[in-house]
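The values are calculated or read from the model by the stated rules, or taken from the named source; none is laboratory data. Please read all numbers here as calculations on a predicted model, not as lab measurements. Heavy atoms of the whole protein, side chains included, go into the accessibility calculation; ligands, DNA and RNA do not. Shrake-Rupley method; radii C 1.70, N 1.55, O 1.52, S 1.80 Å.
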Amino acid sequence: CDVVAYREGSRWIQVYEKVQLQANSEEGCQLREGGVYLITGGLGGLGLIHAEYLAQKVKARLVLLGRTPLPERGKWQKWLESHRSSNPTSCKLRKIMELEGLGAEVLPVAADVSNIEQMQRVIAEVLERFGCIHGVIHAAGIAATRASRGSVDPISSTSASPTIHRVPSGKTDRKVET
């Protein structure tokens with residue numbers, strides 16, 4: 001049962017080709033020391049695993065995108081003192097402080113990744129603060145319960161696959177349109 005598509009008078013069929021993948025090495029890593037990385041779902045389980053890796057490896061400037069707004073930074077200590085340690089917001093605040101302790105600069109932002117106006121606002125804020133974006137990691141929508149202690153269990157849903165996009169060189173000094 002082949003997949004067939006017709007586009008502008010041409011018939012296209014889906015085929016698969018065997019490809020030999022090479023192991024990625026540390027030397028081949030394209031991450032920038034102090035680079036700016038936007039992580040959708042940045043305060044979720046898998047997003048935080050990526051954030052911790054980037055903080056440890058390259059002291060990244062992290063933009064952690066989530067739908068739920070956090071308290072203003074100046075009110076974090078009071079929040080932590082007045083809420084249980086198991087409170088989801090308390091956990092996120094402590095994790096951000098942990099990332100900063102690893103050398104990362106963290107900008108938590110609240111927006112819905114599917115809302116273009118909200119994302120344009122986020123991108124404008126990131127460009128205003130950091131001047132560029134070096135990469136985007138899409139980890140939104142991935143069940144936090146599947147990610148634990150730096151390892152990720154296989155997830156069967158293809159919609160849950162994280163996507164990493166590197167911003168092409170030369171494109172980081174211009175306004176990014178979504």
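Observations
- Shape of the stretch 1-73, Cα gyration tensor, a/c cut at 1.5: oblate
- Stretched out straight at 0.36 nm per residue, the stretch from Tyr53 to Gln120 would grow longer than its current Cα-Cα span by 21.5 nm.
- In the full protein context, the stretch 32-105 carries 51 Å² of accessible surface per residue, based on a 1.4 Å probe and ignoring ligands, DNA and RNA.
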